[in-house]
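Take a look at the structure below.
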Amino acid sequence: MVKAYLRYEPALTFGVIASPESNVCYDPSGRLLLAAALDRLAAWDLKRGLPSVSFAPSSSSPSLAVSCIASSPSAAVSSLIASGHADGSIRLWDAETGACEATLHGHRSAASALRFAPSGAVLASGSKDCDVILWDVVAQDGLFRLRGHRDQVTDLVFLDSGKKLVSCSKDKFIRVWDLETQHCLQIVGGHRSEIWSMDVDPSERFLVSGSADPEMRVFRIRQSVQEGEDWSKWDVLKLFGEILRQSKERVATVRFNRNGSLVACQVAGKTADIYRVLDESEAIRKAKRRMHRKKEKASAKSMIAKGNGTVIDPLPASDLQNPAVIVTDVFKLLQVLRASKKICSISFSPGSPPRGCLATLSLSLNNNTLETYSVDSEKVSKMYSIEMHGHRSDIRSVSLNSEDNLLMSTSHNAVKIWNPSTGDCLRTIESGYGLCSAFVGNRFALVGTKSGTLEIIDIASGSLTEVIEAHAGSIRSIVPIPDEDGTAGARGFVTGSADHDVKFWEYQQVQKSDNDSKQLTVTNMRTLKMTEDVLAVSISPLGKHIAVALLDCNVKVYHMDTLKHFLNLYGHKLPVLCMDISSDGALIVTGSADKNLKIWGMDFGDCHRSIFAHSDSVMDVKFVYRTHYIFSVGKDRTVKYWDADKFELLLTLEGHHAEVWCLTISSRGDFIVTGSHDRSIRRWDRTEEQLFIEEEKEKRLEETFEADLDNDNEYRYGQKDDAPEEGSVGVPGRKTKETVTSADAIMDALDTAEEELKRLNQHKQEEQNNGTAAKFQPNVIMQGQSPSDYVLNVVSSIRPNDLEQALLVRITILRCTKAHVLLEGVVYGSFKG
């Protein structure tokens, strides 16, 4: 009989506040700040410091990492949020409910820029594939594709009430597109390096672009042209001047505030320059003052020259009365915002600023933090900060308490206690660089640090009670010593360190005189000296044996009571980084930097099987309690589920976006928790759905085949054939699994309808020849519909975004029979009508 297993599925993701790869922006209401958290979004209430709405895709995958966000204008009919993803897809979300309204496929690589038209009915997207695609948000369909850029499109803005689109790219050019005629109006050069961002003020007077050049370039827009100015017939943008930036770092983001009085230039560093944009009357007054100063300097020079017997021409009177306004008369440096860490993105609040402030500016930092500042003419002040809901750096260890209702995670400067059911952060305790951790009951916790100290934490008070200089090197493992009945941590614990020592500790409770509370302390009872750095330690469930993994790639097993050598496990080609012993003490599994898992017998130390488990180093491995099932995690970003008796891979869980460092399993095996370099903590729950080994193998083969379809490498980062200099227009969609499936459905429907038409004609012929005929029996598949209605319903069931590509796929493999051609023309025409 075929053995069945229970499937594990992703249940909860927490710990990420803002991904550094994506921008931040405000929702259509202007009250909530949108920030990407790997493959999902969250709308944060800045005052309360809590997420109000969560936007999560139906499946979790690194290819769905959010790369850019945009929200529809407040004046739009519907409140929508658009997110661009690493696989090139674009998702439309309802801003109030968080439901995914549509998924649009058109780009062949990661989306890099999104912008809604002022009406909110059209969305423009740019990508690393160098293309710009216009989407009909209402019909959820692509309009057309604009080609012309030679490198990644970095930003987009609409002009002239959405009739024109401006795109900038890393190819150093800005292109202006007429969306009504679908062609390129103007190509603007001048930047000497890649253009990273641009924005236009709400009144469409100026467009500001930023690159790695020392200056930002400011362009006048044709709508604001004064009479008598020299403009080309087709030019929409004309260079107004250049603003010298304060920082030497490249520009990352340029944004105007809601009324256009401020523009912020964020660089790829810790600063953001904020400029005041003067209106026309103020700019003229400033220009007159500038000319007056120039006149005074000229008068002084002329007096000196007159004394020397030379003559200097005076300034023209027209220049003094009607001075020409230059860029420095309009843009004035107001403040320089300096953050504590590198800034990833900025966004002005579209709402009304607090009293006495000019604007509210929010920004995301690369240490998983959101900050909001108020900007006034005198200073920039921090208003809100969201940082409690995640670690500042990657997560190095996770552990559960005995009741599975508390989760502890460690990072480079803090320990956090979580509720694993909801993902809420309960406590944050400052600590050293924690590499390993363990609970002591439900009140205390132990943390081993990179510096070799052992930290004792009081969970109830959220305080660090004692720091012990336990080792001279980093502590790599903390393992509780089980009691004779198998109770973990009842007697003490063992630590393994890079100083070649394995130390055995016992608990002691000390009475505090100030508040009569008992505090935990520990005492070193024994020390086992090793010859190499200790990388991992594991103890058998009944406390009979202790296994020690060393830097020389060997694992040594000792008797716990006498510390006499019992077994030597050797065979790995690189150091063993993790290991675990099964709950019955029969098996030990080791994971190594050589990417292999080895399963050993604890009786004789024989290697049962060596498995090539991951495509990179295996970082942690654990047995499920009372089973021989294994979970392993690695640097290849995957979590894998194994049967150690059959040596078979049961399941591969994908979702992490970076190396997975650690995992822990609940005492009943109903869920596991993993921590990663992407700063996320993920919980995977066991379901009641059964899985079978052979079916999973077939699924993996199908996924490999479908991945080849998605990875169309020759079109992935740019068009195969170079577009003409003036640009070109293409079909917006692309070939996907959905379009191929839809094309198959159309072909099947056409074949069925053709057969039905033949049967109808044959039945009519029999009636004419014989006068009478048996009652016609229609095809059951068509459910009583006519052939044309049946095909029309099949076509109508296809998503609008997939229909055009499905029909193109259908046309390429169409058998050119008269019936097919006529029928397809009728159906397509009626559907479009």
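Values for this structure:
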quantity: Identity of the residue in segment 537-586, over 42 Å from the mean Cα position of the chain (by Cα) and among the β-branched types (Val, Ile, Thr), that ends up least open to solvent (accessible area, probe 1.4 Å); calculated: VAL557
quantity: Contacts under 6 angstrom Cβ, first residue in segment 444-468 being assigned to a loop (DSSP other than H, G, I, E, B), partner among the aromatic types (Phe, Trp, Tyr) and open to solvent by 10 Å² or more (accessible area, probe 1.4 Å), 6 or more apart; calculated: LYS450/TYR433
quantity: Cβ pairs under 9 Å, 6+ apart, first in segment 742-758 and in contact (Cβ under 8 Å) with a residue 40 or more places away in the chain and closer than 20 Å to ILE798 by Cα, second open to solvent by 30 Å² or more (accessible area, probe 1.4 Å) and among the charged types (D, E, K, R); calculated: SER742/ARG799
quantity: Qualifying position, being open to solvent by less than 40 Å² (accessible area, probe 1.4 Å), small (Gly, Ala, Ser) and at negative phi, among SER72, SER52, SER79; calculated: SER72
quantity: Residue match in segment 26-38 (condition: under 19 Å from the mean Cα position of the chain (by Cα), touching a residue at least 12 places away in the same chain (Cβ under 8 Å) and open to solvent by 40 Å² or more (accessible area, probe 1.4 Å)); calculated: no
quantity: Residues of segment 158-181 that turn out to be within 17 Å of LYS128 (Cα to Cα) and either in a strand (DSSP E or B) or in contact with a helix residue (DSSP H, G or I) (Cβ under 7 Å, 6 or more places away or on another chain) (or both), as a count; calculated: 6
quantity: Where VAL415 falls short, out of the listed (1) crowded, with 23+ Cβ neighbours inside 10 Å; (2) in contact (Cβ under 8 Å) with a residue 60 or more places away in the chain; calculated: (2)
quantity: Test: residue in segment 97-111 that is among the aliphatic types (A, V, I, L, M), open to solvent by less than 10 Å² (accessible area, probe 1.4 Å), within 22 Å of VAL176 (Cα to Cα) and over 21 Å from the mean Cα position of the chain (by Cα); calculated: no
quantity: Every residue from segment 619-640 that is open to solvent by 10 Å² or more (accessible area, probe 1.4 Å) and either over 19 Å from ASP594 (Cβ atoms) or part of a strand (DSSP E or B) (or both); calculated: MET619, ASP620, LYS622, PHE623, TYR625, ARG626, THR627, HIS628, TYR629, THR638, LYS640
quantity: Segment 544-587: number of residues that are over 20 Å from ASP616 (Cα atoms) and part of a strand (DSSP E or B); calculated: 16
quantity: Residue check for ASP748: open to solvent by less than 80 Å² (accessible area, probe 1.4 Å) and more than 28 Å from HIS149 (Cβ to Cβ); calculated: no
quantity: Filtered residues of segment 666-688 (kept if touching a residue at least 60 places away in the same chain (Cβ under 8 Å), open to solvent by 10 Å² or more (accessible area, probe 1.4 Å) and either assigned to a strand (DSSP E or B) or in contact with a strand residue (DSSP E or B) (Cβ under 7 Å, 6 or more places away or on another chain) (or both)); calculated: PHE671, HIS677, ARG683, ASP685, ARG686, THR687, GLU688
quantity: Members of segment 375-396 that are open to solvent by 10 Å² or more (accessible area, probe 1.4 Å) and within 21 Å of LYS622 (Cβ to Cβ); calculated: ASP394, ARG396
quantity: Selection from segment 424-443 of residues that are assigned to a loop (DSSP other than H, G, I, E, B) and closer than 20 Å to VAL510 by Cβ; calculated: GLY441, ASN442, ARG443
quantity: Search result, residues across segment 36-55 that are among the aliphatic types (A, V, I, L, M), in a loop (DSSP other than H, G, I, E, B) and more than 17 Å from GLU21 (Cα to Cα); calculated: LEU46
quantity: Selection status of SER60, under 29 Å from ASP394 (Cβ atoms), at pLDDT below 90, open to solvent by 10 Å² or more (accessible area, probe 1.4 Å) and under 17 Å from the mean Cα position of the chain (by Cα); calculated: yes
quantity: All positions within segment 1-39 that are within 23 Å of THR687 (Cα to Cα) and of a type outside the set (Phe, Trp, Tyr); calculated: MET1, VAL2, LYS3, ALA4, LEU6, ARG7, GLU9, PRO10, ALA11, LEU12, THR13, ASP39
quantity: Which numbered condition ALA488 fails, given (1) more than 14 Å from MET408 (Cα to Cα); (2) at pLDDT 95 or above; (3) among the aliphatic types (A, V, I, L, M); calculated: (2)
quantity: Any hit, segment 503-525, residues being assigned to a loop (DSSP other than H, G, I, E, B), at pLDDT 95 or above and not hydroxyl-bearing (Ser, Thr, Tyr); calculated: no
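Every residue, every condition in (1) among the aromatic types (Phe, Trp, Tyr); (2) modelled with pLDDT of 95 or more; (3) part of a loop (DSSP other than H, G, I, E, B), yes or no:
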position: SER345; (1), (2), (3): no, yes, no
position: PRO353; (1), (2), (3): no, no, yes
position: CYS357; (1), (2), (3): no, no, yes
position: SER381; (1), (2), (3): no, no, no
position: HIS391; (1), (2), (3): no, yes, yes
position: GLU403; (1), (2), (3): no, no, yes
position: HIS412; (1), (2), (3): no, no, yes
position: PRO420; (1), (2), (3): no, yes, yes
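The values are calculated or read from the model by the stated rules, or taken from the named source; none is laboratory data. Everything numeric here is computed off the predicted structure, so don't read it as measured data. Glycine also receives a Cβ, built like all others from the backbone with ideal geometry; neighbour counts cover every protein chain displayed. Only protein heavy atoms, including side chains, enter the accessible area calculation; ligands, DNA and RNA are left aside. Shrake-Rupley method; radii C 1.70, N 1.55, O 1.52, S 1.80 Å.
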